[in-house]
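Below is one structure, written out as C-alpha cells; comments come after it.
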Amino acid sequence: MTVPTDSGVLERRRVRGAHGPSRPRGGGRAPGKALRPLHAPAGTPWLYLAPALVVLGGLLAYPIYQLGLISLFHYTQAQVSGGEATTFEGLGNYAELFRDDQFWQVLLATVVFAAACVISTLAVGCTLAVLLTRIRAVPRLALMLAALGAWATPAITGSTVWLFLFDADFGPVNRVLGLGDHSWTYGRFNAFFLVLLEVVWCSFPFVMVTVYAGIRSVPSEVLEAAALDGASQWRIWRSVLAPMLRPILVVVTIQSVIWDFKVFTQIYVMTNGGGIAGQNLVLNVYAYQKAFASSQYSLGAAIGVVMLLILLAVTLVYLRLLRRQGEEL
Amino acid sequence: MTIVSQGQGRRVKPVRRFGRRPGRLAAEAAALLIAAVVAFPLYWMVLSAFKPAGEIESTEPRPWTLAPTLDSFRRVFGQQDFGRYFLNSVVVAVAVVVASALIAFLAATAVTRFRFRMRTTLLIMFLVAQMVPVEALTIPLFFVMRDFGQLNTLWSLILPHIAFSLPFAIWMLRGFVKAVPEALEEAAYIDGASRARFLWQILFPLVLPGLVATSVFSFISTWNDFLFAKSFIISDISQSTLPMALLVFYKPDDPDWGGVMAASTVMTIPVLVFFVLVQRRLVSGLGGAVKD
C-alpha cells in the first residue's frame, strides 16, 4: 500500500536534490513560513485539519480508548444485551489471557508465521526486482503485469482461488505434483504453508516494484564500476545495492511486518476461521473469534490491546530508523 | 506504479558486456516462467468461472475448456439481491474514496504548507495511526455503531473506512502537495487570488494525480473488506456487500467452486480496471504537474 509513499520519498529526495539541501524546519527563512502571516490567520491550518481530526478522533482514537476500556471490564453477551451490569475487572482479563496456554501458542504462531511471511516476501520481491533490471522490455512487462494482477486481487478472492488450486479433489496442483488426494488444509503446517504461499503471492509485488524503482535510481556508473572491479552479482547486491537501498528496504520491511502480523482474511477464509481445533489461529483471528464467536468481548479486546502494543513497538522502531536516516517529517 | 513509469522513462544503460548474452536469455526465460506462475491463479480463476460444472468438479482438471459456459455467472447474478450487493459495494467504495480524498487533501495541505505548533506531533500521530490493526477495533466499533443505531446501514461501513484510509492518504499526499512549488502560491496571491481560490483552483488540480493514487488504496481496502461487512451488517442482508455474496457460494464442506470462481472474477475485475485506469492517470500527472 505504501508504494506511493515511497514514490513520495523518492520524489521529495529528487526535488530536494534539485534545490540543494533545503531544510524547511530551520525556522523563519523557509518561504512557506514567510507567506503565512500575510495570507493566513494562525488558525487556518487547524481549519483545514478539522474534518480529518473529527473523523480520526471519532472513529479511530475513540474506539481505541473504548477497546482499552472494554478490556478492563467483564463484558459478555449478558452485558451486551443489558441483562447484567458490567463489572470492573481491572487487569483480570489480561491475567486470564496470560494464564491461557492457547494464547501463548497463538502468539508464538503469529510471530513465527509473520516472520516467515516477511522473509519469504522480501526474498522473492528483492530477487525479482534484481531480475527485472537484467532483462529486456518484453519479459519485464510480462512479469510486471502478472505482479500487478496479483497485487490487485482482493484478499478474499485470492484466498478462495488458492484454496481451489490446492483442493484435494479438484485442484490442479495435486495432479501436477502427483500428490493424490493429499489435503493441504488438514495438517497444521500444511495449512500455514498454503496461507503463506497466498500471502507471499499477493504481497511480493509491492516489494518488487518498490525495490526495482530503488535500483533504477542508483546511478549506473556505480554498478558499472563494481562490475569492472570483478564483483559478483551477489557481492554487488550485498555491498553496493543493499546499502544504497537501505531507506527503501527499511520501509518495505516494516510495512511487511505490519501487514503480515495483521493477516486476517487469508487465515479466516482459507483455514475456515482458524483451522481444525484452532490450530491455525493468529492473534487477529483469535481476537475476533473470542469476541464474536464466543461473545467474550472483553477477552477479545484484551487481545486487541496486546496486538496494538506490539505494533506500536514496531512503529517506534520504524520512527527511530527514519529519524536516523535524517528523513524529515 | 508511479515509480515504475518514472524508471522506464529513463533508460538504464546495460551494465553487462556482450559476453553475458546467454545469462540474459536464461534470466528472461526465468522471468517469463515466473510471470506465468504468478498469473496462473488469476487465469485459473477466470477459466474455472467459464467451465461447465462437470469439468470443474473433475479429478482430471485441464488448463483449458472446450465448452465455455455462463452457467456459473448466471448462478452468481441470479442470486437474490446480487445487484443490490454490487451496488452497495460501489456506493461504499465511491463514498469512501471521495470523502477521504477531500479530507486528506485539506489535511495534507495544512501539514505541508503551514508551520504551526504540534505539526510534527500530528505527523507522527498520522504515522502511528496507520499501524493500528483495524481488525482489533471491530469490537469497539461494533458498540459505537450500535449505540448510534448505525448497525445494518451502509454508514457503518463507510465511516470506519474513511477513518482507516485517512492516515495513509494524508501521509502519501504530503509528498504531492510539497512538490507544488511555493513560488506558484506566491504568484497566485500577488495576482490577487484568495486563499480558497488558490486551494481549489490551483493546488487541487495540481495535486489531483496524487489524489487519484491515494484513491486506489482506499478503494482497494474498502472494496475488499469483508470483516466490517460481516460484523456490522448482521441482520439486514440487503445492506450487505460483494464479499458476503461471494462467501454464500463458499461452504467449507461443499463449496460451489464454479460459483465462487465466477463471483471472484466479478469482484476482481473492477479492481483490475481501476488499477489500469489510474496508472495511466498517474503517469501523466507525475510527468507533468509535479515536476518543477
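Values in this text are rule-based calculations from the coordinates and carry no lab data. Predicted model only: the values in this text are computed from it and were never measured. As a convention, Cβ positions derive from the backbone with ideal geometry for all residues, glycine included, and neighbour counts pool all protein chains shown.
Label-to-label distance, A:ALA242 versus B:ARG195, with points set 7 angstrom from Cα along the beta-carbon direction: 5.0 nm. Over the residues of chain B, the helix contribution to mean residue ellipticity at 222 nm works out to -23500 deg cm²/dmol, using -39500 (n - 2.57) for each DSSP H run of at least 4.
Looking at region A:94-170, the trypsin sites (Lys or Arg not before Pro) that sit in a DSSP loop and have at most 16 other Cβ atoms within 10 Å of their own Cβ are A:ARG136. Normalised by the number of residues in chain A, the average gap of Cα pairs under 8 Å and 6 or more apart makes the relative contact order 25 percent. Express the Stokes-Einstein translational diffusion coefficient of region B:117-224 in µm² s⁻¹, to the nearest whole number, given a Kirkwood radius over alpha-carbon pairs, 10 °C and a viscosity of 1.306 mPa s. Roughly 97 µm²/s, to the nearest whole number. Put simply, the convex hull of the Cα atoms in the protein assembly as shown casts, on average, a shadow of 30.1 nm². Averaged over the residues of A:293-303, the number of partner chain Cβ atoms lying within 10 Å of the residue Cβ comes to 1.
For the pair region B:75-102 and region B:206-271, the centres of their Cα atoms are 9 angstrom apart.
For region A:95-110, in order, what is each residue's ³J(HN,Hα) by Karplus, 6.51 cos²θ - 1.76 cosθ + 1.60 with θ = phi - 60°, in whole Hz (x at glycine and Pro)? Ordered by residue, 3J(HN,Hα) equals 4, 4, 4, 6, 7, 7, 4, 4, 4, 5, 5, 5, 4, 4, 4, 4 Hz.
Here the Karplus relation 6.51 cos²θ - 1.76 cosθ + 1.60, evaluated at θ = phi - 60°, turns the backbone of region B:179-192 into coupling constants of 6, 6, x, 6, 4, 4, 5, 4, 4, 4, 5, 4, 6, x Hz, with x for every Gly and Pro. Residues whose amide H falls under 5 Å from that of A:ASN280, counting only those 5 or more places apart or on a different chain, are A:GLY275, with hydrogens built in the peptide plane. Between B:ASP236 and A:GLN77, the simple spin-label model (points 7 angstrom out along Cα→Cβ) gives 2.4 nm.
Just round it to a whole percent: the fraction of Cα-Cα distances in region A:39-89 exceeding 18 Å.
So the pairs more than 18 Å apart make up 55 percent of the total in region A:39-89.
Taking amide H as placed 1.01 Å from N in the peptide plane, the amide H of A:PHE73 sits under 5 Å from that of A:GLU89, each at least 5 places away or on another chain. Rounded if a/c is under 1.5, else prolate if a/b beats b/c, else oblate: with a ≥ b ≥ c from the C-alpha gyration tensor eigenvalues square-rooted, which is region B:11-167? Verdict is oblate for region B:11-167. Normalising by residue count, region A:57-324 has a Cα convex hull of 176 Å³ per residue.
Cα convex hull, chain B: 201 Å³ per residue, rounded to a whole number.
Here is the list for region B:117-216: trypsin sites (Lys or Arg not before Pro) lying in DSSP coil, each with at most 10 other C-beta atoms within 10 angstrom of its C-beta, are B:ARG117. For A:ALA168, the residues whose amide H sits under 5 Å from its own are A:TRP184, ignoring neighbours fewer than 5 places away on the same chain, with H placed 1.01 Å from N. Across chain B, C-alpha contacts under 8 Å between residues 6 or more apart give a mean separation that, scaled by the residue count, equals a relative contact order of 30 percent. Convex hull volume of the C-alpha atoms in region A:155-269, normalised per residue: 138 Å³. Using only Cα coordinates, the Kirkwood hydrodynamic radius of region A:69-113 works out to 12.0 Å.
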